Amino acid sequence: MSITKKDIIHVADLARLGLNDEETIKYEKELNDVLNFMEKLNELNTDDVEPTSHVLDIHNVFRSDVVEDSLDVEDVLANAPDRDEDYFKVPSIL
Amino acid sequence: MNNKYEVVIGLEVHVELKTATKIFCGCKTTFGGDPNTHVCPICLGLPGVLPVVNEKVVEYGVRTGLAINAKVPNYSKFDRKNYYYPDLTKNFQTSQFDLPICENGYLDIEVDGVVKRIGITRAHMEEDAGKLVHSGKTISSSNSSNVDYNRVGVPLLEIVSEPDIRSSEEAKAYVEALKMILTYIDVSDCKMEEGSIRADANVSIRLIGAKEFGTRTETKNLNSLKALQKAIEYEVERQTEVIEDGGVIEQETRTWDDEQGITLSMRSKADAHDYRYFPEPDLPPIILTDEYIDNIRRLLPELPEARKKRLIEMDSLSVYDANLVIAEKFLADFYDEVRKSIDDPKLIVNYLMGDYYRELVAVGLDFSSSPVSTKDFSELLKLLQEKTISGKIAKEIIPLMVKDGKSPKVIVEEKGLVQISDTGAIEAIIAEVVAANPKAVDDYKNGKGNSIGFLVGQVMKASKGKANPGIVNELLKSVLDK
Amino acid sequence: MGKIKDIHNQLLNKEISAVELIKEYLANLKVSENKLGTYLAITEEKAIADALAIDKKISNGESIGLLAGIPMGIKDNISTKGIITTCGSKILENYKPVYNATVVNKLYHEGGIILGKCNMDEFAMGSSSENSAYKLVRNPWDIDRVPGGSSGGSAATVGAEEVVFSLGSDTGGSIRQPAGFCGVAGMKPTYGRVSRYGLIAYASSLDQIGPIAKNVEDCAIVHDIISGYDKMDSTSANMPSTKSLDNINRDIKGLRIGVPKEYFGGDEKVLKTLKKALAKFEEMGAIVEETSLPHTEYALPAYYIIASAEASSNLARFDGVRYGARDFDQNDVTDMMSVTRDKFFGKEVKKRIMIGTYALSAGYYDAYYLKALKVRTLLKRDFDEAFKKYDVLITPVAPTLPFKIGENIKDSITMYLGDICTVTINLVGIPGIAIPCGFADGLPVGMQILGKPFSEELLFNVAHRFEQNNDFHLRKPEVK
Ligand SMILES: [Zn+2]
């Protein structure tokens, strides 16, 4: 598989990275290098192998439905780049 | 609608579960509250935080699965659904992808007396998003938006139907049936006005007899049954028009604009659909033993369908009456409680759905907000059965019961409304009435049997409605026939 | 440079006050830091206030924790309430957490005194600490060389004796490789052993926090304190804290050591040093045998797929909405997010986000992500087999000596290949400790000791015994 410029633009869009043209060209090359490197895995037949997403064999970790303190609203907004009263403020959605 | 086409509808219903806390943190789920006050590091998605699953959410998920006749698999897991939107705090939604908590269920609905089975593909647990408040008049005319994350992390169950629904009426009936079940099993308030149940409708049309489905659109944001029905009808009409004009339906997400009564395309920059699901690494899988599932099954309350059947078969209620009683779990429970002491199902239904319901409507209450207890309601019916009061008096008493929750016995005593069954007292009134109405008496004697009705009425009037009508009838007859 | 227990006793015996100690360390740190770039924030005021509180406790005769008054550095991807936590990234330039990581609470509870936040590769992505968005970290043994990464600041600050111990995080070698490069002891615990709550995630299924110290005993003390079940972390193992100190001196005679041949393909100088160390183990009565972990060569690509995929999702939250940097020139929220992320994320971070996004995207999931998860199963089986025969496995920490600054940074594949000895351990979730096992060209050579899941106590024991038979940990670099 090889990645085209179009793929790069699509992936950057999915990842919300506003790449400029120069970066797009650079990533096209670099990603192809890295993905070629990853092609190595295709040497292995893994048809009958189960995937491992969790290395630990644990399950059913639950908490009980008991209310705990929320943050003070000033702490919630302490790091907000922009706010409007007690709301986070963002540019509009066009 | 053009009857060349058949409508195919699948619904995704999002139900807010009525847990005390959010799905992955201890913040409360209470509706409302000042902006950003029900928020902690976890639901705010601060760097470094981790989720822990609320056990109640799993329990409610299983309970729902069993109630909608679904299979609850032993193994289930959470996945991340990745997309960017400012109402999310992590820019992914923790949801379930390929191994949801329930699969393959169904619900029976009834439209115009015809029962139909609607398949349910799956139900999965996920977290709700926050709320965007637009500062301008419309989304597009404002320069900025405000975000409140109080609803982020409120537990949701998304229930996905098969494309088995064929009309907006069926869609409505399906959501109503679902709502009824969810309130019966007490997992959700199902308050549409608070957004605790909302639907997305997948709608397509195809030529009658066609095997393939048409291209569907997904309409989001349907927050009332009316909106659901209207949006489906609008979509069907729009799609028919497009196809009739030789056009092609585009697979897209649309939104319902309630004010204009139309659906609008939602295509925007934020609409690249590739959610890149992968197993949530921060949450170990869920393994439910058969024992756990059976235990929840055992504790499941009687569901509406079973209840209806019981009322018809055991209490000999008509289908119509049974439907009225089970429509609301509160009412059905109320009925059952009253039924324990009143052995006359029809009498209970008549008063519940008659004078009592009318009074509630008149004062703007509903069954669950009324102050009348099952005990007082039973007492009222007992007074009627013992003929201590007449139906007329009951009519007078009910508003007073609803007004300040007083027991009917107390009201009867305070107002002196006890029915007169003392024959001596009634005979005295009859004597007066007979003396005052010689013409009616003559008519009766001349064979006009119905004039006795007039005389009974006069006796009742003279007794201010308190005389026992049965006794009045009997005594009057014996006096006249003498 | 004191050991934790010695300092503890000196404080209890009032030979020195915590304030004196902390002031001395701070004075030294500020000079040394200038040369090494080990810190992104120095918390002088808090450190002195905390030390005062310890002194008060001592003079009141109250009991104090084992870490009371002990100066420590915390990697900058671990959340510290009220102390700027940047992850070495411009996107979190002024981010001040409102909560503490569980490990930080545990260290504070024992009286540990934070001197600052350690520099690191941005979001822990890197093996040389050259990816910090703020400044380089230099190796205290040769300031023209890298200290390793991503916990380069945490390892170098301990190596240069600026603090007694530090916390690092390890996703693919980020504690062990810099510990090896800086000649100190660093433990990557079993996945689930130490709470991740408050560790700013790179790759959630691989990340672990661990201690770095000048000697194995101190490393074990800190591990005993930070390990244990945490209800805030669903992947935390339901087990008590380790009690490594109790068994740290146990004889290792008869210990079965496996030496996986696949790990011995690096620099001759590294291998020669390792072999000498293995001979030492034999001298000490251990049984050393060559073994094989046949799928080793597939670990790196599998690692980079899994880590990048998880990172692409974990780093999605940095969007300029709730915290961190924002580009204020955009009128649309989507543009704001895209420009913010492009502008404030560094090159390597963006690259891994791109790789991860691609690997998870429609049509490629099975070929990349799922495939990598399956290879992970095969790697796990390799280790399960090996641990049937051996108590521990020993390998180099890295195939090379610490390399020159700028040497590998331009070629990511070369940089990634340097992680060959460490990434598999994260994929299979087992513990691994790195300690110095000798020197070559005046630079430390790191040895990695690996064990079964939850065998940290044994690893500390083995490492400590080795250390007792050598003096590598006693050497001090002369920073120039
Ligand atoms: Zn919360």
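On the basis of being over 26 Å from the mean Cα position of the chain (by Cα) and free of Cβ contacts under 8 Å to residues at least 40 places away in the same chain, does B:L50 make the cut?
Answer is no for this residue.
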Q. Based on what the data block shows, is A:T52 of a type in the set (S, T, Y), under 24 Å from the mean Cα position of the chain (by Cα) and either outside any helix (DSSP H, G or I) or more than 7 Å from every other protein chain (Cβ to nearest Cβ) (or both)?
A. yes
Q | Sole exception among (1) touching a helix residue (DSSP H, G or I) at 6+ places or on another chain (Cβ under 6 Å); (2) under 30 Å from C:T357 (Cβ atoms); (3) more than 16 Å from the ligand (Cβ to nearest atom) for B:F78, by number | A | (1)
Q) Only one of A:I58, A:I9 is modelled with pLDDT of 90 or more and either within 7 Å of another protein chain (Cβ to nearest Cβ) or in a loop (DSSP other than H, G, I, E, B) (or both); which? A) A:I58
Q) Looking at (1) within 11 Å of the ligand (Cβ to nearest atom); (2) open to solvent by less than 20 Å² (accessible area, probe 1.4 Å), which is the one condition that is false for B:T64? A) (1)
Q: Among the residues of the stretch C:273-290, write down those that are open to solvent by 10 Å² or more (accessible area, probe 1.4 Å) and either of a type in the set (D, E, K, R) or under 26 Å from C:S174 (Cβ atoms) (or both).
A: C:T273, C:K275, C:K276, C:L278, C:K280, C:E282, C:E283, C:E289, C:E290
Q. Applying the selection to the stretch B:289-305, what residues are within 26 Å of B:A177 (Cβ to Cβ) and either open to solvent by less than 80 Å² (accessible area, probe 1.4 Å) or part of a helix (DSSP H, G or I) (or both)?
A. B:I293, B:D294, B:N295, B:I296, B:R297, B:R298, B:L300, B:P301, B:E302, B:L303, B:P304, B:E305
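Rundown of residues vs (1) closer than 25 Å to C:I48 by Cβ; (2) surrounded by fewer than 24 Cβ atoms within 10 Å (Cβ to Cβ); (3) within 14 Å of chain B (Cβ to nearest Cβ); (4) out of contact with any Pro (no Cβ under 7 Å at 6 or more places or on another chain), yes/no style:
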| position | (1), (2), (3), (4) |
| --- | --- |
| C:V98 | yes, yes, yes, no |
| C:G149 | no, no, no, no |
| C:A156 | yes, no, no, no |
| C:L199 | no, no, yes, yes |
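Mind telling me which of the residues B:L182, B:L157, B:L107 ends up being touching a His at 6+ places or on another chain (Cβ under 8 Å), modelled with pLDDT of 95 or more, surrounded by 22 or more Cβ atoms within 10 Å (Cβ to Cβ) and of a type outside the set (K, R)?
B:L157
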Q) Which number in (1) free of Cβ contacts under 8 Å to residues at least 24 places away in the same chain; (2) more than 9 Å from chain A (Cβ to nearest Cβ) marks the one condition that C:Q330 misses? A) (2)
(Q) Looking only at the stretch B:5-28, filter to residues that are more than 10 Å from the ligand (Cβ to nearest atom) and not in a strand (DSSP E or B); which one of those is surrounded by the fewest Cβ atoms within 10 Å (Cβ to Cβ)? (A) B:A20
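Table: residues versus (1) buried (at least 23 other Cβ atoms within 10 Å of the Cβ); (2) free of Cβ contacts under 8 Å to residues at least 60 places away in the same chain.
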site	(1), (2)
C:N34	no, yes
C:T38	yes, no
C:K46	no, no
C:D55	no, yes
C:S59	no, yes
C:S63	no, yes
Q | Matching residues, the stretch C:291-323, being small (G, A, S), open to solvent by less than 20 Å² (accessible area, probe 1.4 Å) and outside any helix (DSSP H, G or I) | A | C:G320
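Table: residues versus (1) among the acidic types (D, E); (2) farther than 27 Å from B:D186 by Cα; (3) not in a loop (DSSP other than H, G, I, E, B).
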| site | (1), (2), (3) |
| --- | --- |
| B:S341 | no, no, no |
| B:A362 | no, yes, yes |
| B:K387 | no, yes, no |
| B:K395 | no, yes, yes |
| B:I398 | no, yes, yes |
| B:V410 | no, yes, yes |
Q) Does B:T94 satisfy being within 15 Å of the ligand (Cβ to nearest atom), closer than 26 Å to B:A201 by Cα and assigned by TED's automatic domain parsing to the domain that holds B:Y275? A) yes
Q) Among the residues of the stretch A:74-91, is any away from the ligand (no atom under 16 Å from the Cβ), within 11 Å of chain B (Cβ to nearest Cβ), more than 18 Å from B:T89 (Cβ to Cβ) and within 21 Å of the chain's Cα centre (by Cα)? A) no
Q | Within the stretch C:1-32, tally of residues that are among the hydrophobic types (A, V, I, L, M, F, W, C), assigned to a helix (DSSP H, G or I) and surrounded by fewer than 18 Cβ atoms within 10 Å (Cβ to Cβ) | A | 3
Q: Identify, by number, the condition in (1) facing chain A (nearest Cβ under 10 Å); (2) of a type in the set (V, I, T); (3) in contact (Cβ under 8 Å) with a residue 12 or more places away in the chain that C:T296 doesn't meet.
A: (1)
Q) Quick one: which of A:V90, A:V34, A:V66 is free of Cβ contacts under 8 Å to residues at least 24 places away in the same chain, open to solvent by less than 30 Å² (accessible area, probe 1.4 Å) and farther than 21 Å from C:A203 by Cβ? A) A:V90
Q) What single numbered condition from (1) closer than 28 Å to C:Q330 by Cβ; (2) more than 9 Å from chain B (Cβ to nearest Cβ); (3) in a helix (DSSP H, G or I) fails to hold for A:G18? A) (3)
Q: Considering each of A:D33, A:D65 in turn, give the residue that is outside any loop (DSSP other than H, G, I, E, B) and at the interface with another protein chain (Cβ under 7 Å from one of its Cβ atoms).
A: A:D33
Q) List, please: which pairs have Cβ atoms under 6 Å, are six or more places apart or on different chains, and start with a residue in the stretch B:20-44 that is in the same structural domain as B:V57 (by TED's automatic domain parsing) and modelled with pLDDT under 95 and end with one that is more than 11 Å from the ligand (Cβ to nearest atom) and open to solvent by 30 Å² or more (accessible area, probe 1.4 Å)? A) B:F31/B:E194
Q: Return yes when C:Y229 is among the hydroxyl-bearing types (S, T, Y) and open to solvent by 20 Å² or more (accessible area, probe 1.4 Å) and no when it is not.
A: yes
Q: Would you mind stating whether B:V58 is at the interface with chain A (Cβ under 8 Å from one of its Cβ atoms), away from the ligand (no atom under 16 Å from the Cβ) and touching a residue at least 60 places away in the same chain (Cβ under 8 Å)?
A: yes
Q: Pull up the stretch B:437-451, narrow it to residues that are over 13 Å from B:D481 (Cβ atoms) and not in a helix (DSSP H, G or I), then point me to the one that is least open to solvent (accessible area, probe 1.4 Å).
A: B:N437
Q: Filter the helices (runs of 4 or more DSSP H) completely within the stretch C:371-445 down to those with at least 1 residues that are within 12 Å of chain A (Cβ to nearest Cβ) and surrounded by fewer than 20 Cβ atoms within 10 Å (Cβ to Cβ).
A: C:371-389, C:412-417
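The values are calculated or read from the model by the stated rules, or taken from the named source; none is laboratory data. Treat the numbers as computed from the prediction; the structure is a model and nothing was measured. Every residue, glycine among them, receives a Cβ derived from its backbone with ideal geometry; neighbour counts consider all protein chains shown. Note: areas computed on protein heavy atoms with side chains; ligands, DNA, RNA excluded. Shrake-Rupley method; radii C 1.70, N 1.55, O 1.52, S 1.80 Å.
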